[in-house]
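Worksheet for the structure shown next.
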Amino acid sequence: MNLEQEFVILLEKNQNIVHKICKIYTDQEDVHKDLFQEITIQLWHSYPKFRGEAKFSTWAYRIGLNTAISLFRNKKRKLSIIPWDQALEKISYEEYDPQKDDQLHYLYEAIQHLNDIEKALIYLYLEDKDYTEIAETLGISEVNARVKMNRTKTKLKEILKKKGAL
Amino acid sequence: MDELDQFKKQWQEDKNFIKVDQSDIKTMLHKSSTSIVKWIFMISLIELSLGIILSLLLPNSNRDELPFFHFVDYASELVFYCAIAYFIYKFFKSYTSISSTNSTKNLLNSILETRKHVENYIKFNIYFIMYSFFVAFLELTVRKIDLDHKWGSNLLMIIAFAVCITLVAYVFIAIFKFYYKIVYRRLLRKLNNNYEELNRLEQE
């Protein structure tokens, strides 16, 4: 199996990691797609360097968040004039529980009120990452990661309470 | 148990996204990146070459007549080209250190540092242009002062020159500031904010 095929299979399997990052950093569908593409390109560029060094997901968290926080340039198009790849038009949604979706909807909406760094912290918390990994990903000390996480969680809870979801 | 934990499980099970298949991913791999770094790199290259072009437009003095200014010109040129080489070296060095596999803070730092080198380079060019005008002004004054004339007319001429030089310098700085406001305020705002936020965390 060549490198490209290997990468494509891994990303297809782990694509929800990237989708969730796109969803918390954007609120427009076309921007979501643009960010997904940019993260894919960044992941691919550093794939030969990463290969086999860590779990694909661990490495994808870091590059995905870095792309959303630092590299991605949101053009904020109100109307998408660039046609998205035909292939991506094949939309297929998994079956979902409407009640569950409703709660998740509140969560995503509440996260939109956080700043870029707070979003990254909450994302890593929801993905069940430990503080060592969170601190390493963001480049801050573990103590500061804990302090900031507690504050961010409190902020998020307040937003959720205001929305009646908690 | 944390109140937010009830969301955690749902979050982790969430699969309600547009499915991207292998052929979509392959298509994406062959698209070019539109990242901020790419933009910064292109703009920086234009700025770096603009500095060199501007240097060709610097006023030249009449070297045959005044040996002192002849020496000043050569010394300034030497300093100018050494500085250009230094800035270009620093720019490429920090540009190559930009990697999305670094921690967020390091990545932001290396992008902003790369930009800073180009900004310093442009500032240096502006100061150098001002300095060149000043030297040209001095040379012109020394050559034009006619000792037979009254001091009044000489003084008037010097003031007129000084006003011209100040105006030119002012226009250059105004253009520079306007350009940075237009080009970088939007491009770097997000990066600066995020970098400051991470720095604030470490200082608390």
Span-like helix ranges in chain B, DSSP H, alpha carbon extent 18 angstrom or more, Kyte mean at least -0.5: B:36-56, B:67-96, B:104-144, B:151-203
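What is the calculated FRET efficiency for B:T166 to A:N150, with r their C-beta to C-beta distance and R₀ = 35 Å, to the nearest 0.05? Walk me through the intermediate numbers first.
Details: r = 56 Å, r/R0 = 1.59.
Computed FRET efficiency for B:T166 and A:N150 comes out at 0.05.
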Helix-only CD estimate at 222 nm, as mean residue ellipticity for the protein assembly as shown, using -39500 (n - 2.57) per DSSP H run (n ≥ 4): -25000 deg cm²/dmol
Rounded to the nearest 20 debye, dipole of the stretch A:1-77 from Cβ charges on Lys, Arg, Asp, Glu: 240
Euclidean distance between Cα centres, the stretch B:133-199 to the stretch A:116-166, Å: 48
Projected label distance in nm at A:T58 and B:Q12, using a 7 Å step from Cα toward the beta-carbon: 1.7
Top of B:S23, B:S49, B:S76 by mean-square fluctuation, Gaussian network on chain B, Cα under 10 Å: B:S23
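How well do other chains shield peptide B:2-13, expressed as the mean number of their Cβ atoms within 10 Å of each residue Cβ? Please list the in-between numbers first.
Numbers: counts 3, 6, 10, 2, 4, 12, 5, 3, 8, 12, 5, 5.
Other-chain Cβ atoms within 10 Å of each residue's Cβ, averaged: 6.
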Fluctuation leader among B:I145, B:I18, B:I36 - chain B, Gaussian network, Cα springs under 10 angstrom: B:I18
Spread of Cα-to-Cα distances over 5 Å intervals beginning at zero, given as percent, for the stretch B:87-204: 2, 9, 13, 14, 13, 10, 8, 7, 6, 6, 4, 3, 2, 1, 0
Spin-label pair A:K13/A:Y131, simplified geometry with 7 Å Cα→Cβ offset, distance in nm: 3.2
Estimated FRET transfer efficiency (B:S49, A:Q5; beta-carbon r; R0 30 Å; 0.05): 0.15
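Taking the number of other C-beta atoms within 10 Å as the exposure measure, put B:L56, A:L156 in order starting with the fewest.
Taking fewest neighbouring Cβ atoms as first place, the list is B:L56, A:L156.
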Coordinate range along principal axes, alpha carbons of chain B, Å, largest first: 94, 38, 27
DSSP-assigned coil residues among GluC sites (Glu not before Pro) in the stretch B:5-102, each with at most 15 further Cβ atoms within 10 Å: B:E65
Three-way shape label, the protein assembly as shown, alpha-carbon gyration tensor, a/c 1.5: prolate
Cα→Cβ-extended label distance, 7 Å offset, between A:E142 and B:L156, nm: 8.0
Kirkwood Rh, angstrom, the stretch A:98-161 [1 / mean 1/r, Cα pairs]: 12.2
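Neighbour counts of other C-beta atoms within 10 Å: give me B:L155, B:L187, A:L107 arranged from fewest to most.
On the way: B:L155 11, B:L187 16, A:L107 26.
Ranked by crowding around the Cβ, least crowded first: B:L155, B:L187, A:L107.
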³J(HN,Hα), Karplus 6.51/-1.76/1.60, whole Hz, each residue of the stretch A:12-20, x for Gly, Pro: 4, 5, 9, 4, 5, 4, 6, 4, 5
Restraint check, A:K129/A:K161; A:K75/B:K177; A:K55/B:K116, Cα-Cα greater than 28 Å: A:K55/B:K116
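So for the stretch B:31-203, averaging the separation of alpha carbon pairs under 8 Å that are six or more residues apart and normalising by length, what relative contact order in percent results? Let's see the in-between values first.
Details: 79 pairs, mean separation 45.4, N = 173.
Reported relative contact order: 26 percent.
Bear in mind these aren't lab numbers, they're just calculated from the coordinates by the rules spelled out. Values in this document were obtained by computation on a predicted structure and should not be read as measured data. Heads up, the Cβs are rebuilt from the backbone with ideal geometry, glycines too, and the neighbour counts pull from every protein chain shown.
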